[in-house]
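The values are calculated or read from the model by the stated rules, or taken from the named source; none is laboratory data. Since the structure is predicted, the reported quantities are computational estimates derived from the model, not experimental observations. Every residue, glycine as well, gets a Cβ built from its backbone with ideal geometry; the counts of neighbours run over all protein chains shown. For the accessible areas, the whole protein counts, side chains as well, though only heavy atoms, and no ligand, DNA or RNA atoms are used. Shrake-Rupley method; radii C 1.70, N 1.55, O 1.52, S 1.80 Å.
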Amino acid sequence: MSKQELGDRILSLRRGMGYSQEKLAQKVGVTRQAVISWEKGQVGLTSARRKQLAEFFRVPEAVLEEDYK
């Protein structure tokens, strides 16, 4: 999975929860711009952020790994 595919997955998970970019940013302690950057595939996730988002979205951490198929 490329960074863009990862971004699409984050976008899908966020929308599935009914959250705006701003609300997700507030919930996980980042800026809205960080969420935008993830969703556009401009920036990948650190291992700590991947773990945090996996817990937040209640999905296995592997779902948010760039090499996930």
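Values computed for the structure shown
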read-out	value
Criterion: closer than 13 Å to Leu64 by Cβ and open to solvent by less than 40 Å² (accessible area, probe 1.4 Å) - qualifying residue of Leu24, Leu6	Leu6
Any hit, the stretch 54-65, residues being crowded, with 16+ Cβ neighbours inside 10 Å and at pLDDT 95 or above	yes
Qualifying residue in the stretch 30-40 (condition: out of contact with any helix residue (DSSP H, G or I) (no Cβ under 9 Å at 6 or more places or on another chain), open to solvent by 40 Å² or more (accessible area, probe 1.4 Å) and not in a helix (DSSP H, G or I))	no
Cβ pairs under 7 Å, 6+ apart, first in the stretch 1-21 and free of Cβ contacts under 8 Å to residues at least 40 places away in the same chain, second open to solvent by 80 Å² or more (accessible area, probe 1.4 Å) and in a helix (DSSP H, G or I)	Gln21/Arg32
